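A.B. asks: I have a structure here, written as structure tokens, and I will follow up with some questions on it.
Throughout, read-outs are computed from the coordinates displayed, never taken from laboratory work. What you see is a predicted model, and the numbers here were worked out from it, not measured in a lab. For neighbour counting, all protein chains shown are included, and Cβ atoms are generated from backbone atoms with ideal geometry for every residue, glycine included.
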């Protein structure tokens, strides 16, 4: 285990012993993050202690419970622009990660950020996942979307092998090593966090009909086949490459415990169609559990009193369960 992950592991051992503490970031101060965080914290049992990180001046309202501590990271004025909002959101993430690595929190829940605003505010990272990996020194991470209940059945768990990339860059980013690493992290996460001793994982193809024997591309033969051979040799239960137009239906019917999707939108389109508002984004590979709601900043409805906190509530609940079960999926993949 790396030096950066030592504090997080110690904190998780504390969580397993019954002392549960969750760090929460408020996200972009222009969006609904402060509102849904307020509602979710007010609805959560007082047995969990929370550390809330964000600027003053947002729509965050501290719940009446004494189990919530607010730690201000800068100040926000509603006349400020996106660059200021992005810088404050990034500052809250850094402060929360420091607290988790120092053993002050057993898990992290992050409200949505605006990636463009983060970049304007000086962040070099494409999003939460990449920033968290850098801050914790985690060599390999995986972005897994989780819905334990869906509108079409369920559960559905989707890992994005590549995350925030232009579609034209995806073929160059895909490699056997990437797929092997993502499947390993997925298997370890399902064993540790979901108590699935022998998880069934599907590799979603990148081309239509899994290329139909090379008619529509060569990634299935050139990238997926060697990855699958290696994973099967390691004893993992992996199927594929399965065409995208059937793999998610099969997962919803219970055939697979998780699907590893080759790029962002093929996985997210299926996931959000089945479970928007009920899903949670979990980062595998960190030294502590991290969860986030499955929606964006929704700046257009912020402050109108119509934001739905359901996904934030789900994120907090799942982060708590993962921390209590023990989190041993950080560090190098086995």
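A.B. asks: Calculate how steeply helix 3-16 sits against the longest principal axis of the alpha-carbon atoms of the chain, using the helix alpha-carbon long axis, and give the answer as 0 to 90 degrees to the nearest 10.
C.D. replies: Approximately 80 degrees, to the nearest 10.
A.B. asks: Given Cα pairs under 8 Å that are at least 6 residues apart, what percent is the relative contact order of the chain?
C.D. replies: 25 percent
A.B. asks: Take the chain, connect every pair of alpha-carbon atoms lying under 10 Å apart with a spring to form a Gaussian network, then pick out the residue of 66, 137, 91 with the largest mean-square fluctuation.
C.D. replies: 66
A.B. asks: Here's a follow-up. Be a star and scan segment 197-223 for residues whose amide nitrogen sits under 19 Å from the point 7 Å along the Cα-to-Cβ vector of residue 273.
C.D. replies: Those under the cut-off are 202-211.
A.B. asks: Nearest-5 percent of antiparallel DSSP beta bridges in the chain?
C.D. replies: On the way: 14 of 41 bridges.
So the antiparallel bridges amount to about 35 percent of the total.
A.B. asks: Please rank 204, 313, fewest neighbouring Cβ atoms within 10 Å first, as an exposure proxy.
C.D. replies: Details: 204 28, 313 18.
By the 10 Å Cβ count, ascending: 313, 204.
A.B. asks: If the elastic network links every pair of Cα atoms under 10 Å, which of 274, 42, 85 fluctuates the most in the Gaussian network model of the chain?
C.D. replies: 42
A.B. asks: What list do you get for 128, 116, 295 if you sort them by fewest beta carbons within 10 Å? Don't skip to the answer; put the middle values down first.
C.D. replies: Details: 128 26, 116 11, 295 22.
Ascending number of Cβ neighbours within 10 Å: 116, 295, 128.
A.B. asks: Using 20 Å bins from zero, what percent of all Cα-Cα pairs in the chain falls into each bin?
C.D. replies: 33, 57, 9, 0
A.B. asks: If I take every Cα pair under 8 Å that is 6 or more residues apart in segment 142-284, average their sequence separation and divide by the length, what percent do I get for the relative contact order? Display every interim value, and only then the final one.
C.D. replies: Working: 271 pairs, mean separation 57.2, N = 143.
Result for segment 142-284 is 40 percent.
A.B. asks: Right, here's the next one. If each residue of separation counts as 0.36 nm, what is the full-extension length gain between residue 225 and residue 56 once their alpha-carbon separation is subtracted? It would help to have the intermediate numbers written out before the result.
C.D. replies: On the way: separation 169, 0.36 × 169 = 60.84 nm, distance 5.18 nm.
Gain on stretching residue 225 to residue 56: 55.7 nm.
A.B. asks: Using the number of other C-beta atoms within 10 angstrom as an exposure proxy, rank 268, 312, 118 with the fewest first. It would help to have the intermediate numbers written out before the result.
C.D. replies: Values: 268 20, 312 32, 118 26.
Lowest to highest Cβ neighbour count: 268, 118, 312.
A.B. asks: Also: If one takes the longest principal axis of the Cα atoms in the chain, at what angle in degrees, from 0 to 90 and to the nearest 10, does the Cα axis of helix 82-101 lie?
C.D. replies: Tilt relative to the chain: about 80 degrees.
A.B. asks: Just subtract the alpha-carbon distance of residue 151 and residue 164 from 0.36 nm times their residue separation and send over the number in nm, one decimal. All intermediate terms of the calculation are to be shown ahead of the outcome.
C.D. replies: Details: separation 13, 0.36 × 13 = 4.68 nm, distance 2.62 nm.
Using 0.36 nm per residue and subtracting the Cα-Cα distance, I get 2.1 nm.
A.B. asks: Moving on. Given Cα pairs under 8 Å that are at least 6 residues apart, what percent is the relative contact order of segment 12-171? Walk me through the intermediate numbers first.
C.D. replies: Details: 278 pairs, mean separation 35.2, N = 160.
Taking the mean separation of contacting Cα pairs over the length of segment 12-171, I get 22 percent.
A.B. asks: While we're on this one: Nearest 10 degrees is fine. How inclined is helix 264-275 to the longest principal axis of the chain, computing both from alpha carbons?
C.D. replies: 70 degrees
A.B. asks: If you build a Gaussian network model of the chain, linking Cα atoms that sit under 10 Å apart, which residue out of 153, 305, 267 swings the most?
C.D. replies: Most flexible of the set in this elastic network: 305.
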